Amino acid sequence: MTIPKHKTPPAHDDTERWLDQLDPSTVEARDATHFRAIIAANQALTDAEDDLRQAVADARAAGDSWAVVGAALGITKQAAQQRFGHR
């Protein structure tokens, strides 16, 4: 599919709106199933990362050690603290 430079797709929330506004007479028509699947999977990944960060924050607030967090993630306590500790 060839997309004019002035119609480069935007990131995240506006993608559906952008797709709906494409003019079929100026853009080669293609099945967007895979494109939309990538968008959905990327959003699911972002949501899962947010959920994981919140779960770790909740565990730490409840008094769980970095060793416990690391064990739950299958990593060392140092790796858990480095990834999720306050920066």
Restricting attention to the range 16-57, which residues are surrounded by 10 or more Cβ atoms within 10 Å (Cβ to Cβ) and in a loop (DSSP other than H, G, I, E, B)? Leu22, Thr26, Val27, Ala32
Looking at the range 58-87, which of its residues are within 24 Å of the chain's Cα centre (by Cα), surrounded by 12 or more Cβ atoms within 10 Å (Cβ to Cβ) and not in a helix (DSSP H, G or I)? Ile75, Gly85
Where a residue in the range 49-68 is closer than 12 Å to Phe84 by Cα and its partner, wherever it lies, is part of a loop (DSSP other than H, G, I, E, B) and not aromatic (Phe, Trp, Tyr), with Cβ under 8 Å and at least six apart: Trp66/Gly85
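Throughout, read-outs are computed from the coordinates displayed, never taken from laboratory work. None of the values given here were measured: they were computed from a predicted structure. Please note: Cβ atoms are built from the backbone with ideal geometry, for glycine as well, and neighbour counts cover all protein chains shown.
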